[in-house]
Structures are given as structure tokens and as C-alpha cells.
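Quick notes on the structure that follows.
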Amino acid sequence: MRQALVALFSGVLFGMGLAVSGMTDPARVRAFLDIGGAWDPTLAFVMGGALLMMAVAWRIVRRREKPVVAEAFHLPATRPIDARLIGGAALFGIGWGLGGLCPGPAIAALAIAPGPALVFTLFMMIGFGLFRLLPPVR
């Protein structure tokens, strides 16, 4: 139960941060990505603040023997950069640029602007399903 409450609190806090920072506004995200036009650098500060907080959190977490709500840390293995990673990153970037949303902000935007966010989220889920059809990475 404690783990579920921590997850819920973390998700709500993350969603509120995305909403307050403007990351759930597709127009603001597209303006940030429009470096040749009416560029809006606001989100660069949001990302910089997030990186700074994560750097501090990472230093604190590395000193701990175990997580707060789990028995052990479960870190993914490091893999080399390959065509699949580059293709996925390119597809993510194209989707982010065209839609102005990525998965986290899209879900948070469902509470703010459900119409556009719902369309994006629906197609995101279809993409997740199509990914499952790909052969597994060995």
C-alpha cells in the first residue's frame, strides 16, 4: 500500500509540475522547437531545472543502501547505441515536434485539454501496441 501511495503522489506531483511549467501546452512546446522562427526558450529553463534537481537527487540516492519503498535498486543494464535506439529516438522527436506532446505531458494534459491530448494519447497507445509486434531485442 505504501508503494502505491508513493507512486500516486509522485505521479500527481510530476503532472502538476508539467502543467505549471507549460509542458502540457503543445503550442509552447512547438515554439520551443522552432529555433528558426519565434523561438520560446522557456522550456529550456524547465529542462535545466529538472536536470539540476535530478543531479541532486541522484547524489542522495547513490548514498542509500536501498530505495524507500523497495527491497533493492533495479537499474537497467547499459546497452550500446544501435540502429533501433537511434530510430526510436528519431521517431520520438518527430512525434514530439509534430504533436507538441510526449507521453508524460500528454497524460497530464488529459486533465487540462482532454480533446487534443486524447487524440495524441490514443495514437501513442496504438504505437505502443505496434511496438509489441516487433521482435524482441536479444
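Could you figure out which of (1) without any contact (Cβ under 8 Å) to a residue 60 or more places away in the chain; (2) in contact with a helix residue (DSSP H, G or I) (Cβ under 6 Å, 6 or more places away or on another chain) isn't true of ALA108?
Tallying (1) without any contact (Cβ under 8 Å) to a residue 60 or more places away in the chain; (2) in contact with a helix residue (DSSP H, G or I) (Cβ under 6 Å, 6 or more places away or on another chain), ALA108 fails exactly one: (1).
In the stretch 50-76, what residues are assigned to a helix (DSSP H, G or I), of a type in the set (A, V, I, L, M) and within 18 Å of the chain's Cα centre (by Cα)?
ALA50, LEU51, LEU52, MET53, MET54, ALA55, ALA57
Scan PRO136, PRO116 and give me the residue that is loosely packed, with under 11 Cβ neighbours inside 10 Å, farther than 29 Å from VAL6 by Cβ and either modelled with pLDDT of 90 or more or not basic (Lys, Arg) (or both).
Going through PRO136, PRO116 in turn, just one is loosely packed, with under 11 Cβ neighbours inside 10 Å, farther than 29 Å from VAL6 by Cβ and either modelled with pLDDT of 90 or more or not basic (Lys, Arg) (or both): PRO136.
What single numbered condition from (1) surrounded by 11 or more Cβ atoms within 10 Å (Cβ to Cβ); (2) within 19 Å of ALA31 (Cβ to Cβ) fails to hold for ARG84?
Among (1) surrounded by 11 or more Cβ atoms within 10 Å (Cβ to Cβ); (2) within 19 Å of ALA31 (Cβ to Cβ), ARG84 violates only (2).
Could you count how many residues in the stretch 18-49 are in contact (Cβ under 8 Å) with a residue 12 or more places away in the chain and either more than 18 Å from ALA109 (Cα to Cα) or assigned to a helix (DSSP H, G or I) (or both)?
So the answer is 15.
Would you pick out the residues in the stretch 70-100 that are of a type in the set (Asp, Glu) and closer than 30 Å to ALA4 by Cα?
Selection gives GLU71 alone.
Before we move on, is LEU101 over 27 Å from ALA27 (Cα atoms), modelled with pLDDT under 90, surrounded by 12 or more Cβ atoms within 10 Å (Cβ to Cβ) and not β-branched (Val, Ile, Thr)?
no
The values are calculated or read from the model by the stated rules, or taken from the named source; none is laboratory data. Please read these numbers as outputs of a predicted model, since none were measured by experiment. Note: ideal-geometry Cβ built from the backbone for every residue, glycine included; neighbour counts use all protein chains shown.
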